[in-house]
Amino acid sequence: MAIEKVFREHERPLGVDEVLSCGRKQVDSLNKATVYRNLKILIDDGWLKRISHPFLGTLYERTGKGHHHHFHCHKCNRAFELPGCALNEDEAAPKGFVIEDHEIYLFGVCPACAKVTK
Ligand SMILES: [Zn+2]
Ligand SMILES: [Zn+2]
């Protein structure tokens, strides 16, 4: 329950450590093993899915959001969701390549961090 709440409160992909530290605000006794076990249950239920992030490793996000991509802020080291997709698959690869899926990561500074540095 606490873990579901963490994901409802954060509209972005989360790593295990973030889930643990946010979940502990509600359930003091939460530990990493419990988090892993419950993440797995939520994945089996189809409520969460794993994504593999080039810098942050395995992250977890809610399913059912449709096709979208992620933005990585190198200042706060967090991943954000970007709505929609700007890639035209028909033009993305040379003739002869059959594209079945794609993944795009954008990198930079998030709005909150951009404000701090100004
Ligand atoms: Zn940031
Ligand atoms: Zn896309």
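Against the definition (open to solvent by 40 Å² or more (accessible area, probe 1.4 Å), over 16 Å from the mean Cα position of the chain (by Cα), modelled with pLDDT of 95 or more and of a type in the set (Asp, Glu)), how does Asp44 come out, yes or no?
Working: open to solvent by 40 Å² or more (accessible area, probe 1.4 Å): yes; over 16 Å from the mean Cα position of the chain (by Cα): yes; modelled with pLDDT of 95 or more: yes; of a type in the set (Asp, Glu): yes.
It is true that Asp44 is open to solvent by 40 Å² or more (accessible area, probe 1.4 Å), over 16 Å from the mean Cα position of the chain (by Cα), modelled with pLDDT of 95 or more and of a type in the set (Asp, Glu).
If you scan segment 44-61, which residues turn out to be in contact with a Phe, Trp or Tyr (Cβ under 7 Å, 6 or more places away or on another chain) and in contact (Cβ under 8 Å) with a residue 24 or more places away in the chain?
Passing the criteria: Leu48, Pro54.
Restricting to segment 3-35, name every residue that is in a loop (DSSP other than H, G, I, E, B) and out of contact with any strand residue (DSSP E or B) (no Cβ under 9 Å at 6 or more places or on another chain).
Within segment 3-35, His10, Lys25, Gln26, Val27, Asp28, Ser29, Leu30, Asn31 meet the criteria.
Which one is most open to solvent (accessible area, probe 1.4 Å) among residues in segment 87-111 that are touching a strand residue (DSSP E or B) at 6+ places or on another chain (Cβ under 8 Å) and of a type outside the set (Asp, Glu)? Give the steps one after another, and end with the answer.
Our first condition is that a residue be touching a strand residue (DSSP E or B) at 6+ places or on another chain (Cβ under 8 Å); within segment 87-111, this holds for 103-110.
So of that shortlist, the ones also of a type outside the set (Asp, Glu) come out as 104-110.
Values: Ile104: 49, Tyr105: 43, Leu106: 82, Phe107: 108, Gly108: 14, Val109: 55, Cys110: 2 Å².
The residue in question is Phe107.
For segment 47-83, give me the residue count where each residue is surrounded by fewer than 17 Cβ atoms within 10 Å (Cβ to Cβ), away from ligand 2 (no atom under 16 Å from the Cβ) and in a strand (DSSP E or B).
3
So, in segment 36-46, how many residues would count as being closer than 21 Å to Glu103 by Cα and not in a helix (DSSP H, G or I)? It would help to see each step written out before you state the result.
Filtering segment 36-46 down to residues closer than 21 Å to Glu103 by Cα leaves 43, 46.
Going one step further and asking which of them are not in a helix (DSSP H, G or I), we end up with 46.
Count: 1.
The values are calculated or read from the model by the stated rules, or taken from the named source; none is laboratory data. Not measured: the values here are computed from a predicted model. In this analysis, Cβ positions are derived from the backbone assuming ideal geometry, glycine residues included, and neighbour counts consider all displayed protein chains. Areas reflect the complete protein model, heavy atoms only, side chains present, ligands, DNA and RNA absent. Shrake-Rupley method; radii C 1.70, N 1.55, O 1.52, S 1.80 Å.
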